[in-house]
Amino acid sequence: MRIVVIGGVAGGMSAAAKARRTNKDAEIVVFEKGRFVSYGACGMPYFLSGEIESYEELIVRKPEDFEKAGIKVNLGWEAKEIDAKNFKVIVESREGKKEEVSFDSLVIATGASSRRLPIEGVDLKGVFTLKSLDDGIAIKNYISDKKVKRAAVIGAGFIGLELIDAFVRQGIEVVSIDIVPSPPPQFDDDMVDFVKEKADENKVITCWGSKVDRIEGGDSVEAVVVEGERFPVDMVVLSVGVSPNSEIAERAGIELSVASAIKVDERMQTSVEGIYAAGDCTHSYSVVTGKPIYLPLGSLANRHGRVAGTNAAGKNAVMHPVAGSSIVKFFDIGLARAGLTESEAKSEGFDVASVVIKAYDKAHYYPGAGKMKVKLVWDKASGRLLGAQLAGPYTGVKRIDVVASLLIKRATVSDLKSVDLAYAPPFSPVWDPLSIAANQAVKD
Ligand SMILES: Cc1cc2nc3c(=O)[nH]c(=O)nc-3n(C[C@H](O)[C@H](O)[C@H](O)COP(=O)(O)OP(=O)(O)OC[C@H]3O[C@@H](n4cnc5c(N)ncnc54)[C@H](O)[C@@H]3O)c2cc1C
């Protein structure tokens, strides 16, 4: 049996490794068009900030480690076409050598590509996106070669915020631009005031609620122009989201779903039996709505990969619906969410109730205690918890996992109220902020 995997990062290598453990006899072959496999893309902001010295620390397993486990890794080989009828892939090496490789099962883990804005100057030298490890290395080199003093970060979502933090730590002045007045856009407006405070505290120039007109420069970037105002900068990083790399699947007649991601069932199988997909090129199912949802997250890519790898190797595994838990650190604060925000829940047609509370993350007398915000969103009639958002000291917001665990069980706000959350002064007040929010939601 031959299992072919296209793409060698989180989704692809998890699938390959799991397929190996599931089926000791299968031949497993990976094609990765880039230079690296199996790295932690999520760690790149900390490489750029200097908190991690070398990009090599981000690499989890090298091709030779996979080879030892009996997984053949072909670096610099791109899958050009999938013949879904005859179960073949056409691959091409960097040198232009073409081959046809047959498979018994296939995992497509081609990831996503950074979106670019259709604005003047976007192709100038010094304009970057951050997706692959090569992108991270290129940004780091440009900063040191050009002695970058001022950078513009366009987009203040999760990765945009991480980039701002990283650059400020490097002594670079940052101009942050986002069309949304109160980013990050993944949160309700009433949850993000700490973000603006932190940006101001760190002297970030915020052009939020503004559109970038163009990027100016001769040979390389010299300035960004935002609604008529010119900001001289040495570098620009676009961080305006990603799109799934699903074209190769679409050309093969494989169906697409939400956000043009590859459509899969609960076994991560595509519309063609024997062909699976995993990671940023595909979607998940929301535990709240039951609908397909596009969430390009490393946490999910790894889970998808395990499921796809198991099934591709002939056993049976299921990818359960997800809460979409996500978390970000911005200087010393963190933001986390699971389930739906209030605005998402409303647009899904729920009759929503919500509560926002502010409380200490630790006992108020314990050194380092800070205020955090908790927002709970639930269905008014049934009390079913629909989502939660947390903002505050970054060590405190990982308690979102409590909510994620409840969401997968379709729990109510009363259930959250009755959970006895662990307490000691360095970790939480005697009434945890989540309990305080649930008590507010369900007044006796
Ligand atoms: C800066 C940054 C920070 C992040 N932080 C977090 C975080 O904190 N938490 C979190 O959950 N997620 C985070 N993510 C998201 C996470 O990194 C991605 O969800 C994850 O990398 C997806 O893995 P993947 O294997 O699906 O896709 P990718 O990482 O995109 O890898 C796909 C691979 O497929 C290869 N490929 C594509 N097409 C072909 C082809 N035709 N032939 C051969 N090879 C091909 C590509 O070269 C690429 O190497 C972050 C992402 C970035 C960029």
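None of the figures in this text is laboratory data; all of them are computed from the coordinates on show. In this text, all values refer to a predicted model and were calculated from it rather than measured experimentally. Glycine gets a Cβ as well: all are built from the backbone with ideal geometry, and neighbour counts include every protein chain shown.
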| Charge dipole (debye, nearest 20) of region 116-238; +1 at Cβ of Lys and Arg, -1 at Cβ of Asp and Glu | 480 debye
| query | Could you name the aspartates and glutamates in cross-link range of LYS140, using Cα to Cα under 19 Å and dropping any fewer than eight places away on the same chain? | reply | GLU51, GLU53, GLU56, GLU57, ASP123, GLU162, ASP165, GLU173, GLU222, ASP234
| request: Could you grab the relative contact order for the chain? Cα pairs under 8 Å, six or more apart, rounded to a whole percent. | output: 14 percent
| query | Roughly what % of DSSP beta bridges within region 165-295 run antiparallel, to the nearest 5? | reply | 70 percent
| Whole-Hz couplings from phi, Karplus 6.51/-1.76/1.60, listed for region 2-15; x for Gly and Pro | 10, 10, 9, 10, 9, x, x, 10, 4, x, x, 6, 5, 5
| task | Would you be so kind as to identify which of VAL397, ALA369, PRO433 lies farthest towards the positive end of the dipole of region 326-441, taking Lys and Arg as +1 and Asp and Glu as -1 on Cβ and the Cα centre as origin? | result | ALA369
| remark: Highest GNM mean-square fluctuation among GLY111, GLY209, GLY121, for the chain with Cα springs under 10 Å, belongs to GLY209
| request: Can you spot the aspartates and glutamates whose alpha carbon is less than 13 Å from LYS373's alpha carbon? Ignore those fewer than 8 places along the same chain. | output: ASP188, ASP189, ASP190, ASP193, ASP361, ASP432
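How many times 2.2 N^0.38 Å is the alpha carbon radius of gyration of region 1-77? Kindly include the intermediate steps, with their values, before the conclusion.
On the way: Rg = 13.4 Å, N = 77, 2.2 N^0.38 = 11.5 Å.
Dividing the Cα Rg of region 1-77 by 2.2 N^0.38 Å gives 1.17.
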| message | Taking amide H atoms as placed 1.01 Å from N in the peptide plane, list the residues 5 or more away in sequence, or in a different chain, whose amide H sits under 5 Å from that of LYS149. | response | ASP234
| Across LYS149/LYS198; LYS203/LYS329; LYS97/LYS125; LYS85/LYS315; LYS88/LYS291, pairs whose alpha-carbon gap is larger than 26 Å | LYS97/LYS125; LYS88/LYS291
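For region 116-238, calculate the relative contact order in percent as a whole number, restricting contacts to Cα pairs under 8 Å that are 6 or more residues apart. Before the final figure, lay out each step's value.
Details: 223 pairs, mean separation 41.9, N = 123.
Rounded, it is 34 percent for region 116-238.
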| task | Collect residues whose amide H, placed 1.01 Å from N in the peptide plane, falls under 5 Å from the amide H of VAL122; neighbours closer than 5 in sequence don't count. | result | ILE215
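Please work out how much length the chain gains when fully extended from LEU421 to GLU27, using 0.36 nm per residue of separation minus the C-alpha to C-alpha distance, in nm with one decimal. It would help to have the intermediate numbers written out before the result.
Working: separation 394, 0.36 × 394 = 141.84 nm, distance 4.73 nm.
Extending this stretch completely gives an extra 137.1 nm.
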| said: Can you compute the charge dipole magnitude of the chain about its Cα centre, using +1 on each Lys and Arg Cβ and -1 on each Asp and Glu Cβ, nothing else charged? Give it in debye, rounded to the nearest 20. | reply: 960 debye
| request: Starting from the Cα of ILE119, move 7 Å in the Cα-to-Cβ direction to define the label point; list residues of region 228-253 whose amide nitrogen is under 20 Å from there. | output: 228-243
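Length gain on complete extension for the stretch SER405 to ARG61, per 0.36 nm per residue less the alpha carbon to alpha carbon distance? Numbers along the way, then the final one.
Working: separation 344, 0.36 × 344 = 123.84 nm, distance 3.02 nm.
Full-extension gain reported as 120.8 nm.
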